[in-house]
Amino acid sequence: MISDDKIMLYIDGLLNELETAEVAAYLLENPEKSREVARIREQNEALKAMGKEILEEPIPENLLNIINSAKLKGHN
Amino acid sequence: MKKSEHQKTLDNMVSEIPRLRRFARYLAKDSNYADDLVQDCLVRAVEKIHTWQEGTNLRAWLFVILKNVFLNNLRISKREIITDFSEENEIPLTAPAAQESSIALKELNRQFQKLSHDHQEILFLIAVEGFKYDEAAEILKLPIGTIRSRLARARQALVNLSDEQDSLDEKNQEQAFRVPVPALKPHTSTLSMPPQPEPKVKKRGVRFQ
């Protein structure tokens, strides 16, 4: 039996080679878990796109000004 | 730290502003208030710049400050939690349905909103923002073991929600076959419904019904 926490580490590529092989073997024998892992991987891909358009918005002036005035102070 | 290094850190802070704005919008669910939070966060970050250690993750450091600003505002100025469901205040994290793929994204966003606050937060930090477990632990001030188990449960909860949706869709499709009248596409009604927002936080809030 392999814990769900360990399966998460497997999904995130954080296990060593031996442990990765162990989890992969476990998943082969557990189609239900294996399906869940596939769904989580799909969701991870989809989640990466969440709120992406916010990152492309221009940065409001007042926010930039805070940094710019701090930079000017640093020069004096 | 030398002055020239501060200048470099300040430049790096500028590159983090878009991500801070996204995190703030996720926390505040209101774009104006979200930018107020980012503003307070940047002011504090500039004041505390000497406490930032070269070589550590600047993004995580700024996220901690932003989260603290958010929590302090909630506590100190007694901002009232209001539930304002008006359309213009609705700031979903997903893009408007312009492309084909964004329909799936919208659906995901709807399911994401149904998760508990803790589950949303852990997924936001790790799956959306790509923070490492230890960085998420630092931002949330939780032990790494808690991060791991919460992440596992959050991911499973999201899988369960999308499974429920899938079986609902199948049912609707079966019904569409049985009924001779041209039925609406199974998705039409659910997609036009805005995701249920969490209670929103506003300055000098008034409680609406």
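What follows is calculated from the coordinates using simple rules that are stated; it is not laboratory data. Quick caveat: nothing in here was measured; it's all calculated off a predicted structure. Cβ: placed from backbone, ideal geometry, glycine included. Neighbour counts: every protein chain shown.
Observations on the structure shown:
- A straight line joining the Cα centroids of the stretch A:30-62 and the stretch B:134-171 runs 12 Å.
- Between helix A:17-29 and chain A: long-axis angle, C-alpha atoms, 0 to 90°, nearest 10: 60
- Exposure proxy ranking for B:THR51, B:THR9, A:THR20, based on other Cβ atoms within 10 angstrom of each Cβ and starting from the fewest, stands as B:THR51, A:THR20, B:THR9.
- Order of B:ARG22, A:ARG35 - criterion: other Cβ atoms within 10 Å of each residue's Cβ, fewest first: A:ARG35, B:ARG22
- Over 19 Å between alpha carbons, listed pairs B:LYS67/B:LYS114; B:LYS8/B:LYS67; A:LYS71/B:LYS29; A:LYS6/B:LYS106; A:LYS73/B:LYS48; A:LYS48/B:LYS141: B:LYS67/B:LYS114; B:LYS8/B:LYS67; A:LYS71/B:LYS29; A:LYS6/B:LYS106; A:LYS48/B:LYS141
- A straight Cα-to-Cα reach below 18 Å connects B:LYS171 with the aspartates and glutamates B:GLU107, B:ASP163, residues fewer than 8 places away in its own chain not being considered.
- Cα-based shape type of the stretch B:102-155, given that a ≥ b ≥ c are square roots of the gyration tensor eigenvalues and the cut on a/c is 1.5: prolate
- Chain A shape via C-alpha gyration tensor axes, a/c threshold 1.5: prolate
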